Amino acid sequence: MERTLCIIKPDAVKNGFVEEINNLIIENGLQILKSKRTKISAEIAEEFYSEHSEKPFFTELVEFMTSDYSVVQVLQGYNAVINYRNLMGATNPNEADEGTLRAKFAESLSKNAVHGSDSLDSAQREIDIMLKIFD
């Protein structure tokens with residue numbers, strides 16, 4: 001059993017898609033171990049996205065992720081990382097396969113509804129960072 005991080009981003013929360021997204025997560029064989037609706041602090045967002053700190057979109061990304069409520073979740077299941085990434089779809093919703101979360105719920109490339117870890121190592125790092133919000 002693997003664990004991965006899921007963030008339902010502010011755009012999807014604001015648009016009322018949390019329940020629908022979670023239903024699809026569960027239907028795809030993943031268990032939601034932890035879930036919290038929260039406003040992510042700038043400090044946590046900056047640490048979380050630190051690998052992008054030198055990129056031109058870093059400030060915009062942090063501002064977006066701290067702009068409103070998100071739902072931060074730890075998912076578990078067999079091959080959870082790859083299964084959740086397949087469910088999410090391509091980062092660009094215009095390139096996402098029909099039926100994926102981003103094809104269904106994303107507004108744009110920058111407001112793409114959900115985040116998921118891209119590897120087991122990333123999942124562990126991201127979960128460790130976000131565990132602070134569950135205290």
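The values are calculated or read from the model by the stated rules, or taken from the named source; none is laboratory data. Everything numeric here is computed off the predicted structure, so don't read it as measured data. Positions of Cβ are generated from backbone atoms using ideal geometry, with glycine treated the same way; all protein chains shown enter the neighbour counts.
Residues that are closer than 18 Å to residue 16 by Cα and among the polar types (S, T, N, Q) within region 82-109 comprise 100, 108, listed in sequence order.
Checked across region 33-43, the condition of being exposed (fewer than 14 other Cβ atoms within 10 Å of the Cβ) and under 16 Å from residue 123 (Cα atoms) holds for at least one residue.
Among the residues of region 59-95, those that are within 16 Å of the chain's Cα centre (by Cα) and either of a type in the set (Val, Ile, Thr) or modelled with pLDDT under 95 (or both) comprise 61, 62, 66, 71, 72, 74, 81, 82, 91, 92, 93. Look at (1) touching a helix residue (DSSP H, G or I) at 6+ places or on another chain (Cβ under 8 Å); (2) closer than 17 Å to residue 29 by Cα and you find that residue 107 fails only one, number (2). Number of residues in region 1-29 that are assigned to a strand (DSSP E or B) and closer than 11 Å to residue 68 by Cβ: the value is 0.
In the set 2, 63, 98, which member is acidic (Asp, Glu) and touching a residue at least 40 places away in the same chain (Cβ under 8 Å)? If you could, list the steps in order and put the result at the bottom.
Working: 63 fails: touching a residue at least 40 places away in the same chain (Cβ under 8 Å); 98 fails: touching a residue at least 40 places away in the same chain (Cβ under 8 Å).
So the residue among 2, 63, 98 that is acidic (Asp, Glu) and touching a residue at least 40 places away in the same chain (Cβ under 8 Å) is 2.
For region 82-111, which residues satisfy the criterion of being closer than 20 Å to residue 32 by Cβ and either in contact with a Leu (Cβ under 6 Å, 6 or more places away or on another chain) or crowded, with 22+ Cβ neighbours inside 10 Å (or both)? Hits for region 82-111 are 84, 87, 88, 89, 101, 102, 105. If you go through region 111-128 one residue at a time, do you hit one that is at pLDDT below 95, under 15 Å from the mean Cα position of the chain (by Cα) and of a type in the set (D, E, K, R)? Among the residues of region 111-128, at least one is at pLDDT below 95, under 15 Å from the mean Cα position of the chain (by Cα) and of a type in the set (D, E, K, R), which makes the answer yes. Which of the residues spanning region 54-113 are out of contact with any Pro (no Cβ under 9 Å at 6 or more places or on another chain) and of a type in the set (Val, Ile, Thr)? Hits for region 54-113 are 59, 62, 71, 72, 74, 81, 82, 91.
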